[in-house]
Amino acid sequence: MAARAIAVSPSGVDDDPVVSAAWLHDVGYAPMARDSGLHALDGATYLAGLGADAVVVSLVAFHTGAEYEAEERGLARELAAIPRPEQGLLDALILADLTVSPTGELVAVSARLDEIVARYPGGDPVHRAVLRSRAYLEACCERAQSVLSA
């Protein structure tokens, strides 16, 4: 996903916060970071504790509809304690995340969202959050793509 983030980030350089966040966005799944069960929040909290850049922390916290999953898990207040990133940067990160499959192939946003929904059972907070956030996520990707096309 990091290579895709370079392609879609506003600056297109390796040290762009979108690229850094792409490298780190799933760190919350790691055992040393796992706490609440919301990987975006856990990753952001872990990175903040390490002194990571505040923009990177906020991008990790809010990536790919995390606020919807936070609501599903009863963690909206905890996530809201982290400042929300600038929407254009978040859009670029979401586009990078939703156009690369788990195995690294480029995919359409709709196919990636379908894959996520299919991977989790109907009662899972991720399944419900992706269904609820789909229109928002698609709009984020459309905005990011329009910036790239301009």
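The values are calculated or read from the model by the stated rules, or taken from the named source; none is laboratory data. As the structure is a prediction and not an experimental result, all values here were calculated from the model. Reconstructed Cβ throughout: ideal geometry from the backbone, glycine too, with neighbour counts over all protein chains shown. Surface accessibility is based on the protein's heavy atoms, side chains included, excluding ligands, DNA and RNA. Shrake-Rupley method; radii C 1.70, N 1.55, O 1.52, S 1.80 Å.
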**Fill in**
log10 I(q)/I(0) for segment 77-124, Debye formula on C-alpha points only (no solvent), q = 0.19 Å⁻¹, two decimals, reads -0.78
**Dipole moment magnitude, nearest 20 debye, the chain about Cα centre, only Lys, Arg, Asp, Glu C-beta charged** = 260
**Message:** Computing the accessible area with a 1.4 Å probe over protein heavy atoms, can you report the carbon and sulfur percentage for the chain?
**Reply:** 59
**Item:** 5 Å binning of all Cα-Cα separations within the chain, expressed as whole percents from 0 upward
**Value:** 2, 11, 19, 24, 23, 14, 6, 1, 0
**Fill in**
Computed over segment 21-63, the distribution of all Cα-Cα distances in 5 Å bins, rounded to whole %, is 6, 33, 38, 20, 3
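Net charge near Glu71, counting Lys/Arg +1 and Asp/Glu -1 over other residues with Cβ under 12 Å of its Cβ? Spell out each step's value before the answer.
Working: positive: Arg73, Arg77, Arg128, Arg132; negative: Glu67, Glu69, Glu72, Glu78.
That works out to 0.
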**Complete:** Among trypsin sites (Lys or Arg not before Pro) in segment 1-82, those in a DSSP loop whose Cβ has at most 15 other Cβ atoms within 10 Å are Arg34
**Request:** Would you grab the residues whose amide H sits under 5 Å from the one on Val100? Only those 5+ places off in sequence or on another chain, please, with H modelled 1.01 Å from N.
**Result:** Val107
**Fill in**
With every protein chain kept in place and a 1.4 Å probe, the chain has an accessible area per residue in Å² of 48
**Message:** Loop by DSSP (not H, G, I, E, B), at most 15 other beta-carbon atoms within 10 Å: where is the longest site-free stretch of the chain for GluC sites (Glu not before Pro)?
**Reply:** 1-85
